[in-house]
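Remarks on the structure that follows.
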Amino acid sequence: MGLQEPESKDGRRAESLTMLGISSIPILKLRDFLIVSIQIDLHDRMAEQLQQDILEQISQTQAKGVLIDISALEMVDSFIGRTLADTARMASTLDAEIVIVGMQPAVAITLVELGLSLGGVKTALNLDEGYELLQQTLEEKASEGQTSEEALAEEADDGGSD
Amino acid sequence: MTVVQIREEQDIVRARTTAKEAARELGFGLVDQTRISTAVSELARNIFLYAGEGEVHIEELNNHHGIRVSFIDHGPGIEDVDLAMKDGWSSVRAMGKGLPGAKRLSDRMEIHTETGEGTTVTIEKWLSPSSKLRIAPSPKPRGGPSLT
Amino acid sequence: MAKTKGIADLESRIERMEEILSVAACGDFGVQIETDTDMEKADALTAIETGINLLISDMGEEVRESTKKADELEEKLNLIEQQRKAIEELSTPIIKIWERVLVLPLIGTLDTRRSQRLTEALLTDIATTQTKVTILDITGVPTVDSAVANHILKTVAAVQLLGAECVITGIRPEVAQTMVHLGVDLSGVETLSTLAEGLKWAFRSLNLRMVEEQKA
Ligand SMILES: Nc1ncnc2c1ncn2[C@@H]1O[C@H](COP(=O)(O)OP(=O)(O)OP(=O)(O)O)[C@@H](O)[C@H]1O
Ligand SMILES: [Mg+2]
């Protein structure tokens, strides 16, 4: 599979992983995006590990977006929910967008009753739509960047004519 | 009754999967199963985080009326229960959703706690309001026969 | 009567009485003490035996009667529950109004249980049909207090977690007023006045465009 092994000097980390008995969740890379599919019931340390892995992969691959498929997750409690929301916030400081995909209806209902809204994390019904949403967001970002660059250039022009 | 010991972090997963399975066997629908396993996850984690260890007791309520899960620990206890029940209050700067959230997800919740002694939290989820009303026919005759 | 007669088999008959009484005490009323039908042989104990027999059969009858009543009551409760469900389903149709667009016209009052069932039905529909936009029309909700508003907001939040969009339509002016007075935060929610506006919004969100056909 497309599991990305951390590079060279991280041999130490791989060792500590086996020691802790954590089987890491595969992170696949597709063009500018990373795809993660959570297929097992996450215990807390695994969720934390996943967060760390995703952030490392973003910085290593310069990925612009991450799709996290949680359609196999039967339960999201406050810990997993907070870890997912935190990961999304942290990713955006690395200039990557996270979209959470395929949440089960029972999980969504329970999360809302628990009192969690996932703090504005982007969601999509399935991988296809998640992919589209990511592309759309990136295009918007790019055009915003452009206009602000243009605005800066104009300002500079104004400054020059003064 | 099923008992799940909470000693390490993975036990939280064991507690919630056991509770979910019990709920499914009792006839709860998928959403209620998820409510129950989520509440159990929160309260079992509280044992692990704040008391270090304890037990989760999962049992059926009388006459298939529902499920009861008790979370028993001999940890530090909760100093101010009203405060702990407040949405968003946490002694460790977490989200403070565990206790109030578990209450919202269940039909009844009770906390018995004493500082220095420990904490017992009990939640119940009932199958349906009509099953609560079910009247069990009493086969017992009233009093013994009198021969006067 | 039989005063002068001696009592035959006194010990074994008393033993039998005790036995029968204890069986009855355990809830089995199908038992009776065997008595001589021959009136001539009746003695002082026969009257007691007959009395016990009568008592046991009466109690059996009574218990059967009350069990039957309990069964009937349970049947009626089940019927009421079924009817309640039927009414609930009738009052909350989820309509697929366009490819990937659902309309849920809310009618009547919303309590916790009803709104929970509704949300469950709606989310299941959204997930199975992969519906992109849901229009929640509240024209038929007579009063929106903070509890009702909360139910609606929770439904919207759950729909959004699935990755679908949700717009609330049919907010009457007085409802808008009370919502603001109650401090209901609608900032994260799209709201529009009419169902038609909602449908237009849905089309836009699906990148569909309505065009008037030009007559040749
Ligand atoms: N079993 C327990 N023993 C001792 N203290 C407890 C126990 N359970 C809860 N508490 C106390 O009650 C507070 C509130 O608990 P609650 O589960 O609501 O929030 P939290 O654990 O702080 O955050 P969250 O559950 O959202 O991650 C905790 O911060 C803790 O101080
Ligand atoms: Mg907690």
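Just so you know, all these numbers are worked out from the coordinates, no wet-lab data involved. As the structure is a computational prediction, the values presented were derived from the model and not from experiment. Cβ placement follows ideal geometry from the backbone for every residue including glycine, while neighbour counts extend to all protein chains displayed.
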So, for the Cα atoms of the protein assembly as shown, Rg and Dmax in Å stand at 33.3, 142
Among B:34-47, A:111-124, how do they line up by average Cβ neighbours within 10 Å per residue, starting with the highest? B:34-47, A:111-124
Could you state the number of Å between the C-alpha centres of segment A:30-82 and segment C:73-116? 37 Å
From the C-alpha gyration tensor of segment C:1-115, square roots of 5λ in Å: 67, 11, 10
Other protein chain Cβ atoms within 10 Å, averaged over every residue that makes up C:111-124: 3
Starting from 0 in steps of 5 Å, tell me what percent of the Cα-Cα pairs of segment C:95-205 lands in each bin. 2, 12, 25, 26, 21, 10, 3, 0
Charges on Cβ only, +1 for Lys and Arg, -1 for Asp and Glu, centred on the Cα centroid of the protein assembly as shown; of C:T134, C:V23, C:H151, which one is farthest towards the dipole's positive end? C:V23
Given charges at beta-carbon only (K, R positive; D, E negative), |dipole| of segment B:77-118 in Debye: 340 debye
Principal axes of chain C: Cα extent on each, largest first, Å: 120, 44, 30
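Grab the other residues whose beta carbon is less than 15 angstrom from that of C:G163, score K and R as +1, D and E as -1, and report the net. Walk me through the intermediate numbers first.
On the way: positive: A:K122, C:R100, C:K132; negative: A:D69, A:E97, A:D128, A:E129, A:E132, C:D125, C:E165.
Every neighbour counted, the sum reads -4.
Dipole of segment C:95-205, Cα-centred, from +1 at each Lys and Arg C-beta and -1 at each Asp and Glu C-beta, to the nearest 20 debye? Kindly include the intermediate steps, with their values, before the conclusion.
On the way: 10 positive and 11 negative charges, 47 e Å.
The dipole magnitude comes to about 220 debye.
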Return the whole-Å distance between the Cα centroid of segment C:36-70 and the Cα centroid of segment B:32-64. 53 Å
Rounded to whole Å and ordered largest first, report the semi-axes of the equivalent ellipsoid of chain B derived from its Cα gyration tensor (root of 5λ). 33, 18, 15
Of A:Y131, B:T34, C:I33, which is farthest towards the positive pole of the protein assembly as shown's charge dipole, taken about the Cα centre with +1 and -1 on the beta-carbons of Lys, Arg and Asp, Glu respectively? C:I33
Expressed as a whole number, the average count of other chain Cβ atoms within 10 Å around the Cβ atoms of C:128-138 is 1
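Averaged over peptide C:160-168, how many Cβ atoms belonging to another chain are found within 10 Å of each residue's Cβ?
Numbers: counts 8, 16, 11, 14, 5, 0, 0, 0, 0.
Mean shielding by partner chains, rounded to a whole number: 6.
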Based on the alpha-carbon gyration tensor of segment B:71-119 and its eigenvalue square roots a ≥ b ≥ c, which shape applies: rounded if a/c is under 1.5, prolate if not and a/b is larger than b/c, or oblate? oblate
Suppose every K and R has +1 on its Cβ and every D and E has -1 on its Cβ; what is the size of the dipole of the protein assembly as shown about the Cα centre, in Debye to the nearest 20? 780 debye
